[in-house]
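The values are calculated or read from the model by the stated rules, or taken from the named source; none is laboratory data. This structure is a prediction, so every number in the text was calculated from the model and none was measured. Every residue, glycine as well, gets a Cβ built from its backbone with ideal geometry; the counts of neighbours run over all protein chains shown.
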Amino acid sequence: MLNLLAIALVGAGVLILLAALLSTRRLVAELPEGPMRSQWRLLAALIVVFVVGYAGYLAVFWGRHQVLADLLVPVVFACVACFAFLSSRLSLATVVNVRRMSTLDRANVTDALSGLDSRHYLDRRMREEMMRAERHGLAVSVMLLDIDEFASVNATYGHAVGDQVLTEIGRILSGGVRESDVLVRYGGEEIAVVATHTAPEAAMAVAERLRRDVEVGARKALLEAQGARRAITVSIGVAGREAGQKADTDLFAAAERALRRAKSEGRNRVVLG
């Protein structure tokens, strides 16, 4: 009777370890390449070693379990297998849930059309960057871009083409700013850039480069899409604070005022507020 119980415990341990191995393999597939994935692969290999060890134990000690004390090792084997299974399942569930929450969080702060971050993200990052600049006396600038006469693009070529132009402009701007900068779709055809560690004059140079890149790239995209030789331009308002300067004005409001000036002065230009 004890021998059958020992066999049952070890056999159950083998089955549980095999289930843990399946969970571990799924976990490895969910992880990106790197040290953590390699470590879980090592754990999967150890589980295989355990399975072989359990089978070897059964072969060597078959029929030798005569007293209750002989059940200690089979019980330990079963407990170790349960621990391995629960650990692998919990880790897998954690990775899947973290990835899902990360995807949902990214969806909440990303504009689906342009691929840029959304207004919700801007509000948070603006506060963070302004506080950081104020605390450490850093330079910071804000650029507010508006696509000139974008409504007429939609009216002439349709909203599908307008969306394509907006997507292309998002791609151009994403490639023209640094990873440390905050680039968001502010609303409609307006796009905002928070340029960290950037004084106003440097931001003006960046804004002028972005204006030229959009003028060339967006027009080319429209030509390829519709064969239309139409200019696609942006007006940009810039406001900023030099390093060490106190925050005596709302930079975003100043950038909006500068943008209105750029519009009123003929569009397709950069104005410093």
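Taking region 135-245 and the helices (runs of 4 or more DSSP H) fully enclosed by it, the elements with 3 or more residues that are among the basic types (Lys, Arg) are at 200-226. Within the set 76, 67, the sole residue that is at pLDDT 75 or above and closer than 26 Å to residue 25 by Cβ turns out to be 76. Screening region 129-140 for residues that are modelled with pLDDT under 80 and within 23 Å of the chain's Cα centre (by Cα) and picking the one that is farthest from residue 251 (Cα to Cα) gives 129.
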